[in-house]
Amino acid sequence: MSKDNPDHTYKEAELSAAVEHVAATRDAVAGEIGVTEQNVEKFERRGSADETVRMKLLAHFSERLDQLHHLFPSPYFVRCDVRDEKGESKTLYFGKFPFTERSIFSWMAPAARLRFADVGPATYALPDGFSWTGKVARKDQFMIVGGRIVFMTTESDAYGRTLVHQEELSRRKAGFMLPEIVAKMERAQDDVIRAPSDGSFLIAGPAGSGKTTLAFHRIAYLLQSPDTSERFSSRDVIVFVQDEGTRAYFSKLLPDLGIHDVCVTTFGEWAMERLELADVTVVRRGNGISEETDAYEAHKREALRAPGGVYRRRSNPFEALRRAYEPYFSESDARWFDRQESARELDRFDLTLLLRFARERDGAFRTELEYLIQKKNFEVTRKRRSVPLRYSLLVLDETQNYLPEQITLLRTCVSEETRATLYVGDLGQQVLLGTVRDWSDVGENFSGGRKVELQKVYRNTRAILGYLVSLRFDVAVPEGLREGEPVVEETCIGVEEEIARVRMVADEKERDALVGVLSPSAEYLEPFRAAFAGRADVHVLTAHEAQGVEFDLVCLVGVPDDFFRAEGERLKIKRDLLYVALTRAMEQLYVFGRVRLTDLL
C-alpha cells in the first residue's frame, strides 16, 4: 500500500471494521433507548414525588429519547483519531447528538471543529477559554443511512484522502433530509453557525446553495449550545416562511436537529393573529403575469409608503383601507377592491397597512402572558396579562420577497437584549413587486462579519447550471458537480402536445422520483391539473408556488413568446420567475413550449 493509494484489501478491511463499529454502536443506542423508555414511563405516572421535579425529569428523558431515536439510523458522520501534546491518543466520533458511552459527541461540541481540520497539527477553543492543541492522525467521513454505510472516505498521516466505499446516493427531497447536510458543512459554513449571537446576520446565496439549511443549523446552535442557550428559548424564536407547504416542510425538518416548539409561520397568519381577524382570508397574488394585477398592487404600494391612516380595534378593516387607498386608486382599482371586500380577502399590502395602523395606535404589538398565583389557602389560580411581544430570534426566509415596510414592523418585535434577526435570501429570486431590491433595504448593517454569500450549488447538475448560463443567468458552475442528463428543449403545437410529453416523462422516470410541472401562469396550468389529478408523483404548480421546493424532474410549460415584453421591475420579476422555475430541477429539466427559451431570450 502506498501513501497515496491504499490497496483494495486495505479498503475492504477498513469498511468491514467500520460496519462492525456501526452495528455495535446501534446496539448500544438501542439498549439506551429501552432504558430511557422505561424512565419516560416511570415519570409519566404521577407519584408522591415533587410534581415540578417529576415534570422536569419527564421532559429530560423525553428529549433524550427523541435524540436517541434520531441517532439509531445514523449514529455519526465523522471519526477523528487525535493525539494531544502529552502523546495521549483517543478516537472521537461526531454525530447529530451526543452518545458519550461510545465516544460520540454532538456536532455543536467545541471538539467538533476537528472534523474540518486537515490531518496534522490542530487546535480548538475550549469553553473555559483555554485551547486543546495536538494532532489529527486520521479522519474518516461517513454517510450512514438506516444503519448502512453508503459513503466512507479515510485519510491519515500515512496516506491521502481515499474513497473507501460509495453507493449510489439518492438526491430526492424525501431522502435528502437536513441532518445529512451537517456532515457536508464546510469550515466557512461552520463559522457562520458559530458566529456571535447578538445582532443581525445575512445568509445569501443562489438557489440550491444550502442557505436555508445553514440558517436552520444556526437556529439549532443558538438554542442548544451552552454558550447561547440561556439567551435563546425555542418558545420565543419565530421563523417566517412563504407559504403553508414550506412551513410543513420546515416543521418536519427542525425536530431532526432536536428543535421543538419553534413557531414556523407565514406573515399572513402572524398578521391576522396580531390584528385579531378571524373572518377574512389572506390572498397571495403572483406578479409579473398580469399587467392589471401589477398595476393594482403598484398603486397599493404608493399608499403604503404614504403617512397617515387609522384602524380602530374590531372596526371594519376594509373601511380603513379604502380611506388609505382612495387617493391612489383608479376606477378599475376601486372596483377590484370592492370585489376583494365582498370575498373578505386581504393581501400583503392590506395587512402591512393595518399592522402599521395598529402599532401606531397601541405603541407596540402585544401578546397575552399566562402566569400562576398562589392564594392564601394554597389554591393556584391562572392569570393572564398583556405584555409587549418580544422574540429572542427572528428568522426571515426568502427575505427578498418581503416589503421593506413588513420587515420594519417585524423588527420592532425583536428583543433589545439579543437584537438577533437572521435574514436568508437571494436577490436573484425576487418574484414580487415592491420588495427588497438591495440588502441595505432591510435597514441593517451587515459589516464586520455579519454576512455570508454562498457560491456553491449543491442541488442542480452541471448540465442544468450550464443551460442557465446559456440563457444569460449569472450562475457559477462549481468544480466536482455531477454532470447529469442534458436539458431537453422541445417545441409543441399546443397544450395537448405538452401534456402528452409530460405524461411520457412521468411514465418513463424512476418509480419514486417526483415530477414538477411548472408554468408562470396559473390559468395555463388548469388542463395539466386535470390531466394529472390522480398522480401523487406529479405536482402542478406556478413558478411562484414552486419557490422553496424542489423536484427530481421539472417540466417547464406555457412560457408565451411575449413573456419578456416588459420593462424595469416587471422585467426583472419575469426573469427571476423563470430562474426560480428552472432551478427547481435536481436531476433532469425539460422545457416544452411553442418557442424554445434559447430563441426567446
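The values are calculated or read from the model by the stated rules, or taken from the named source; none is laboratory data. Not measured: the values here are computed from a predicted model. For neighbour counting, all protein chains shown are included, and Cβ atoms are generated from backbone atoms with ideal geometry for every residue, glycine included. Ligands, DNA and RNA are excluded from the accessible area calculation, which covers all protein heavy atoms including side chains. Shrake-Rupley method; radii C 1.70, N 1.55, O 1.52, S 1.80 Å.
Tabulated data
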read-out	value
Most to least packed among 202-208, 239-245, 37-43 [average Cβ atoms within 10 Å]	202-208, 239-245, 37-43
Nearest-10 value in Å² for the accessible area of His21, using the 1.4 Å probe	40 Å²
Qualifying GluC sites (Glu not before Pro) in the range 521-601, DSSP loop, other Cβ atoms within 10 Å at most 15	Glu523, Glu567
Percent of beta bridges antiparallel (DSSP, the chain, rounded to nearest 5)	50 percent
Vicinal HN-Hα couplings computed from phi for the range 102-108 (Karplus, 6.51 cos²θ - 1.76 cosθ + 1.60; Hz; Gly/Pro x)	10, 6, 9, 10, 5, 4, 9
Accessible area expressed per residue, the range 1-117, with surrounding protein chains retained (probe 1.4 Å, Å²)	55 Å²
The range 280-425, accessible surface, carbon-and-sulfur percent (1.4 angstrom probe)	48 percent
Solvent-accessible surface ranking, highest first, for Met55, Met152, Met108 at 1.4 angstrom	Met55, Met108, Met152
Two-decimal Rg to Rh for the range 1-94 - Kirkwood Rh, Cα set	1.20
Over 27 Å (Cα to Cα) - which of Lys300/Lys451; Lys56/Lys252; Lys56/Lys90; Lys139/Lys456; Lys300/Lys572; Lys96/Lys135 fall in this group	Lys300/Lys451; Lys56/Lys90
With DNA, RNA and ligands ignored, accessible area of Tyr524 (1.4 Å probe; Å², nearest 10)	60 Å²
Charge dipole of the range 438-511 about the Cα centre (unit charges at C-beta), most positive-ward option of Asn460, Cys492, Ser470	Asn460
Modelled FRET efficiency - R0 35 Å, Asp562 with Tyr328, Cβ distances, 0.05 increments	0.80
Evaluated at q = 0.16 Å⁻¹: base-10 log I(q)/I(0), Debye formula over Cα of the range 382-450	-0.59
For Lys451, residues with placed amide H under 5 Å, excluding near neighbours	Leu202
Point-to-point label distance, Arg46-Cys263, nm (Cα→Cβ direction, 7 Å offset)	3.1 nm
Rough spin-label spacing in nm, given labels placed 7 Å along Cα→Cβ, for Asp599 and Arg503	2.6 nm
In Hz, Karplus ³J(HN,Hα) per residue of the range 32-38 (6.51, -1.76, 1.60; θ = phi - 60°; x = Gly, Pro)	5, 4, x, 5, 5, 4, 5
The range 78-118 - percent of accessible surface contributed by carbon and sulfur, probe 1.4 Å	44 percent
Long-range HN-HN contacts of Arg366 with modeled amide H, under 5 Å	Leu389
Cα-only radius of gyration and Dmax that characterise the range 511-568, units Å	12.5, 43
Solvent-accessible surface ranking, highest first, for Phe267, Phe72 at 1.4 angstrom	Phe72, Phe267
Residue order for Ser234, Ser225, Ser342, Ser447 - accessible surface, 1.4 angstrom probe, largest first	Ser342, Ser447, Ser234, Ser225
Residue-wise HN-Hα coupling along the range 459-475, computed from phi with Karplus coefficients 6.51, -1.76, 1.60 (Hz; x: Gly, Pro)	8, 8, 7, 4, 5, 5, 5, x, 5, 4, 4, 5, 8, 6, 8, 7, 10
Projected area averaged over orientations for the range 406-560, convex hull of C-alpha atoms, nm²	12.9 nm²
Stretch gain in nm, segment Ala188-Gln38, where the contour uses 0.36 nm per residue and the Cα spacing is subtracted	49.8 nm
At q = 0.09, 0.15, 0.17 Å⁻¹, base-10 log of I(q)/I(0) for the range 194-343 (Debye sum, equal scatterers on each alpha carbon)	-0.45, -0.97, -1.07
Amide hydrogen neighbours beyond the local backbone of Leu277, cut-off 5 Å, H modeled	none
Distance (nanometres) between label positions extended 7 Å along Cα→Cβ at Arg437 and Lys90	5.7 nm
Mean residue ellipticity (222 nm) of the chain, computed from DSSP H runs ≥ 4 via -39,500 (n - 2.57), nearest 500	-11000 deg cm²/dmol
Alpha-carbon centroids, the range 11-26 and the range 498-513: separation in whole Å	40 Å
Correct option for volume of the Cα convex hull per residue in Å³ [calculated from the coordinates] among (1) 201; (2) 257; (3) 143	(1)
For Ser392, solvent-accessible area (1.4 Å; no DNA, RNA or ligand), Å²	10 Å²
